[in-house]
1. What distance in nm lies between label points placed 7 Å from Cα along the C-beta direction at Ser12 and Phe25?
2. Please list 88-99, 57-68, 11-22 highest first by mean number of surrounding beta-carbon atoms within 10 Å per residue.
3. Roughly how many whole Å is it from the C-alpha centroid of the stretch 5-19 to that of the stretch 23-77?
4. Pull out a ≥ b ≥ c, the square roots of the eigenvalues of the alpha-carbon gyration tensor of the stretch 1-66, then state rounded if a/c is under 1.5, prolate if not and a/b is larger than b/c, and oblate in the remaining case.
5. In Å³ and rounded to a whole number, note down the convex hull volume per residue for the Cα atoms of the chain.
6. For the chain, what is the mean residue ellipticity at 222 nm derived from helices alone (per DSSP H run of n ≥ 4: -39500 (n - 2.57); sum divided by total residues; nearest 500 deg cm²/dmol)?
7. To test your reading of the geometry: what angle, between 0 and 90 degrees and rounded to tens, separates the Cα axis of helix 92-106 from the longest principal axis of the chain?
8. Using a basic spin-label model with each label point 7 Å from the Cα along Cα→Cβ, how many nm lie between Asp42 and Ala144?
Amino acid sequence: MAPWHTRPETASDREQIHRVNAAAFPTTAEAELVDALRADPDAWIAGLSTVATDDDGKVVAHALLSRCRVGGRPALVLGPCAVLPEHQRTGAGAAAIRAGLEAARELGENLVTVLGHPDYYPRFGFVRASEWGIAPGFDVPDEAMRVLSLDPTRPVPTGVIEYPPAFGV
């Protein structure tokens with residue numbers, strides 16, 4: 001595993017972040033979603049867009065946490081998460097995600113939601129959202145909708161996840 005360097009995004013990273021997201025997915029929809037979330041002051045939280053870089057400072061992975069609500073209470077949504085194809089399965093994506101989750105914890109955030117691969121996100125501590133009484137407002141397989149409590153001493157809201165408008169759901 002390469003020694004990835006992680007940090008919050010800077011303004012000079014935006015073009016590289018767009019490229020990473022565009023390269024990692026079949027369409028540019030996720031790259032455009034990141035740009036739209038960045039432009040939404042109700043969704044964007046400074047410091048919660050994290051990158052993993054190589055030794056030369058090139059952005060190879062990106063993870064975004066933005067504001068959503070669960071049962072009307074503040075929460076976070078993880079995603080998009082993207083890695084340049086040539087760096088996938090090297091730990092770069094996991095490094096960016098871990099850095100983002102730690103930054104969220106340091107900001108006092110608690111609940112994080114993610115819709116993603118059911119075999120990938122449990123390694124970070126995510127469990128089925130249904131176990132906590134949390135659900136998206138649309139149909140997805142139960143095993144794909146996950147949540148993580150960053151501070152187990154705090155209560156976790158229950159109810160329906162309300163995503164920022166940029167998600168289109």
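1. Output for this residue pair reads 2.7 nm.
2. In decreasing order of mean packing, 88-99, 57-68, 11-22 become 57-68, 88-99, 11-22.
3. Centre-to-centre distance over Cα atoms comes out at 10 Å.
4. oblate
5. Spelled out: Cα convex hull of the chain, divided by residues, is 112 Å³.
6. For the chain, the value works out to -6500 deg cm²/dmol.
7. 50
8. Label at Asp42, label at Ala144, 2.6 nm between them.
The values are calculated or read from the model by the stated rules, or taken from the named source; none is laboratory data. All figures in this text were calculated on a predicted structure; none of them were measured in a lab. Every residue, glycine among them, receives a Cβ derived from its backbone with ideal geometry; neighbour counts consider all protein chains shown. Ligands, DNA and RNA are stripped out before the accessible areas are found, and what is left, the full protein with its side chains, is counted by its heavy atoms. Shrake-Rupley method; radii C 1.70, N 1.55, O 1.52, S 1.80 Å.
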